[in-house]
Amino acid sequence: ERSANANFFWGMNAYADVLLQCGHYEETEKLCEKMAIFPYSYICTKMGDIQKDYRHDYKTAKYYYETGYKNDKDPECCDRLGDLYKDGLGVKKNYTLAKSYYNLAVIYYTSLGMDPEDEDVLEIKKKIKEVDKLKQGLAYNNTVKEKIAKLNEVLDFSISVDDRINLSQSLLSEIFASPKAVVKTMDSTGKTIVATETAEDFMLRLATMKSNKKIVGMSYKKTNGENFKLTELTVKMK
C-alpha cells in the first residue's frame, strides 16, 4: 500500500491485485485509473475484470481485454476473451473463437518463459478441452435436428404416398445405422413409450400415416465418428 501511495507502478499493480481479489472493485478501479498513464496490459486485465465481474458490462470488458491483447499480446486478456465467447457474455457464443483465444493465451504464456506445466497454463488447456466437447456436442445436436427435419419430410401430405414411401426408404439408410435400429415413440406427454419398432417399420409407418403429425426428437444413440448414424432414436409425435 505504501509503495502504491508512492505512485510506483509495480507497487500500485500488486496492491490493485490484492484489492481486486478481496472484492474491492471501486478502489481497484480508482487505482487502475491512476496507472492508466503507463502503457501496460496489466491494467487492461484488471479494468476488464471489474467491468465483467462487478458492473456486468461485458462490452466494455471486451474492449479492455482486446486492448491488452492487441497492444501487448497479453495472455490473461486472451484467456478472458475466450471466457466471454465460451459463455456468450456480451457476445454470441462462439466456441471456435473461444478456442482460438485460449490457444493464443497458452502461446503467449510460454513465450514469456512460463513452464507448459504451470498451473495457469494447465487451467487454460482444460478450458480448451471443455470447448472442444461443447463444440462437438453442438455439432451433434445440429446434425440430429437435421435428421429429424428430414423425417418430417416423409409426413408431407402434399406428395403422393408412393413418393413418401420412396423418400422414407432413401432416408432409412441415410439416417439409421441399420434397418434394425430401434425407434421408440412416446406419448404426447413424453413420459410413456407407446411403440417400440425397428427403423424400417417406423419409416414405413411414417410414409403411410394419414393423421397430420410432426416428429419431435427427444434422445438418441449413435455410431462413432463425424458422419454418425443413429442406432436408437426416441421421438414424440405431436
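The values are calculated or read from the model by the stated rules, or taken from the named source; none is laboratory data. No experiment lies behind these values; they were computed from the predicted model shown. Cβ sites come from the backbone with ideal geometry, for glycine too, and all protein chains shown count toward neighbours. For accessibility, only protein heavy atoms count, side chains too; no ligands or nucleic acids. Shrake-Rupley method; radii C 1.70, N 1.55, O 1.52, S 1.80 Å.
Of the residues ASN94, ASN71, which single one is open to solvent by 40 Å² or more (accessible area, probe 1.4 Å), modelled with pLDDT under 95 and farther than 25 Å from GLN136 by Cα? Lay out the reasoning, then the answer.
Working: ASN94 fails: farther than 25 Å from GLN136 by Cα.
Exactly one of ASN94, ASN71 is open to solvent by 40 Å² or more (accessible area, probe 1.4 Å), modelled with pLDDT under 95 and farther than 25 Å from GLN136 by Cα, namely ASN71.
For segment 87-196, please list each of the helices (runs of 4 or more DSSP H) lying entirely inside it that holds at least 3 residues being closer than 30 Å to ASP57 by Cβ. Spell out the reasoning first.
On the way: elements: 95-111, 119-153, 161-175.
The qualifying helices (runs of 4 or more DSSP H) are 95-111, 119-153.
Can you name the residue in segment 154-190 that is closer than 11 Å to VAL235 by Cα and of a type in the set (D, E, K, R) and is also most open to solvent (accessible area, probe 1.4 Å) among such residues?
LYS184
Here is a list: LYS229, LYS214. Which entry is within 26 Å of ASP163 (Cβ to Cβ), open to solvent by 80 Å² or more (accessible area, probe 1.4 Å) and not small (Gly, Ala, Ser)?
On the way: LYS229 fails: open to solvent by 80 Å² or more (accessible area, probe 1.4 Å).
So the residue among LYS229, LYS214 that is within 26 Å of ASP163 (Cβ to Cβ), open to solvent by 80 Å² or more (accessible area, probe 1.4 Å) and not small (Gly, Ala, Ser) is LYS214.
Scan segment 75-99 and report the pairs whose first residue is without any contact (Cβ under 8 Å) to a residue 60 or more places away in the chain and whose second residue is hydrophobic (A, V, I, L, M, F, W, C) and outside any helix (DSSP H, G or I), with Cβ atoms within less than 8 Å and a gap of 6+ or a chain change.
Pairs found: PRO75/LEU112; ASP83/LEU89; LEU84/VAL91; TYR85/VAL91.
I'd like the residue in segment 18-40 that is open to solvent by 10 Å² or more (accessible area, probe 1.4 Å) and closer than 20 Å to LYS73 by Cβ and, out of all such residues, is nearest to the chain's Cα centre (by Cα).
Step one: of segment 18-40, the residues open to solvent by 10 Å² or more (accessible area, probe 1.4 Å) are 18-27, 29-31, 33-34, 36-40.
Now drop any that are not closer than 20 Å to LYS73 by Cβ, which leaves 36, 38-40.
Working: ALA36: 34, PHE38: 36, PRO39: 33, TYR40: 31 Å.
Taking the candidates together, the pick is TYR40.
Within segment 133-143, is there a residue that is touching a helix residue (DSSP H, G or I) at 6+ places or on another chain (Cβ under 7 Å) and either farther than 30 Å from GLY48 by Cβ or of a type in the set (Asp, Glu) (or both)?
no
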